[in-house]
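J.: Below you will find the structure I want to go over with you.
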Amino acid sequence: MLSRILALTWKIPKWSFELVSWGKSFKNNPIIGSYWLNVFGLHVFRVIVAHILFRVRLFLLSPIVPSEYRGEFIKNGYILRENFLNEDQFFRLAEELDQFEGPVREIIEGTTVTQRIFMDYEERRKAPEFKKLAENQLLDRLMRFCSSKNRPPLFYIENLCNHEDVNRRPDPQRDLHADTFHPCVKAWLYIDETSDNNGAYIYVPGSHKLSWKRLKWEYKESLEACKKGSKRSPGRYWDGSFRVAGKDLSEMGYQIKKLSVPANTLVIGNVYGFHCRGEALQKSKRMTVWMQARDNPFNPLFTPFPKITARVFEGIWKKALKRLDQGKINSGEQRNFYGRLSRPKQKKIVEKA
Ligand SMILES: [Fe+2]
């Protein structure tokens, strides 16, 4: 009994903090996952407040990026630019990433293996072309704006290995979903072209915006996500990344777009908008520079010191990753090793013209 009280003494402040920050799990947080609080609109309230604050921060940061980029991001929910780097710089970067050795985390998601190297400040020093990309002024400004937090993102090299079949369950990232309840961004500079063979990124343009129909859907999903025990259907997700069915998508008036893009294309997406990995028809690889920026959506402020804040976040995230590693390795979801990413043999990533 005493240990239960002590556990609650620690957990109640933790759950309360999650409620006013990025916490999204209906399963692990009984306040977020409370059926009655959600009947009275807790989830929908969080969605609306997070979106209002996001738009205010975007407005205040609007001078840092050209209007064409802002308009595209606000209208569609993503920015897409082909030939982002000049040809020589891209070629050098692709060569460097193909040969780069670092601490690889392999995440097993059904039939897909996602290999990632977290490119923090120290790793970037070993990769001059990557460092140059991370310091690219346009990319820096776009990421600081789109995140609405004025902070450069966390950088990774990501190598998606399709049809590895380590685990014969379907890959959950192939289902259309919103990452969380609030706007936040992920970005990809594609080192390989994307197609049906290696699974192009799928996005639903406009689905990052709030509408009456979307809010009704959020409300319905929040009540569903509160189900406990045997009422939870095994095929669903309880972490707060709501999956959307094709029928609901059409009722909300959305159309899917497949972003099959050439190498050297930059995509920055608001992952509150519905998205997924497209199906890959073949056993294949797809490498990207992957960037992520997620922050407390209820903090109305953004940092006035982008570089220092980014460095602090990198340090915190590096420690958090190490802490998370062991549990995932034990459960068989992750494997770690030091070395190169698995790339197609004898194949140049791009042919220089
Ligand atoms: Fe996602």
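J.: Could you tell me which of the residues 56, 44 is open to solvent by 30 Å² or more (accessible area, probe 1.4 Å), assigned to a helix (DSSP H, G or I) and either touching a residue at least 12 places away in the same chain (Cβ under 8 Å) or touching a helix residue (DSSP H, G or I) at 6+ places or on another chain (Cβ under 8 Å) (or both)?
T.: Result: 56 is the single residue among 56, 44 that is open to solvent by 30 Å² or more (accessible area, probe 1.4 Å), assigned to a helix (DSSP H, G or I) and either touching a residue at least 12 places away in the same chain (Cβ under 8 Å) or touching a helix residue (DSSP H, G or I) at 6+ places or on another chain (Cβ under 8 Å) (or both).
J.: Next question. Does residue 190 satisfy being open to solvent by less than 10 Å² (accessible area, probe 1.4 Å), closer than 25 Å to residue 123 by Cα and in contact (Cβ under 8 Å) with a residue 60 or more places away in the chain?
T.: Yes, satisfied.
J.: Could you check how many residues of the stretch 247-281 are touching a helix residue (DSSP H, G or I) at 6+ places or on another chain (Cβ under 8 Å), farther than 20 Å from residue 153 by Cα and within 16 Å of the ligand (Cβ to nearest atom)?
T.: Total meeting the criteria: 6.
J.: Right, next: For the stretch 135-174, give me the residue count where each residue is modelled with pLDDT under 95, open to solvent by 30 Å² or more (accessible area, probe 1.4 Å) and of a type in the set (S, T, N, Q).
T.: 2
J.: Looking at the stretch 118-129, is at least one residue closer than 24 Å to residue 200 by Cα, among the aliphatic types (A, V, I, L, M) and open to solvent by less than 40 Å² (accessible area, probe 1.4 Å)?
T.: yes
J.: Would you pick out the residues in the stretch 282-341 that are open to solvent by 80 Å² or more (accessible area, probe 1.4 Å), touching a helix residue (DSSP H, G or I) at 6+ places or on another chain (Cβ under 9 Å) and among the charged types (D, E, K, R)?
T.: 311, 333, 335, 340 - these are the residues of the stretch 282-341 that are open to solvent by 80 Å² or more (accessible area, probe 1.4 Å), touching a helix residue (DSSP H, G or I) at 6+ places or on another chain (Cβ under 9 Å) and among the charged types (D, E, K, R).
J.: Filter the stretch 95-112 down to the residues that are crowded, with 19+ Cβ neighbours inside 10 Å and of a type in the set (S, T, N, Q), then identify the one that is modelled with the highest pLDDT.
T.: Filtering first and then ranking leaves 112.
J.: A further question follows. For the stretch 71-94, which residues satisfy the criterion of being within 20 Å of the chain's Cα centre (by Cα) and open to solvent by 30 Å² or more (accessible area, probe 1.4 Å)?
T.: Residues satisfying the conditions are 72, 74, 75, 76, 80, 81.
The values are calculated or read from the model by the stated rules, or taken from the named source; none is laboratory data. Everything quoted here is computed from the prediction, not taken from an experiment. Glycine also receives a Cβ, built like all others from the backbone with ideal geometry; neighbour counts cover every protein chain displayed. Note: accessible area is taken over every heavy atom of the protein model, side chains too, but ligands, DNA and RNA are not part of it. Shrake-Rupley method; radii C 1.70, N 1.55, O 1.52, S 1.80 Å.
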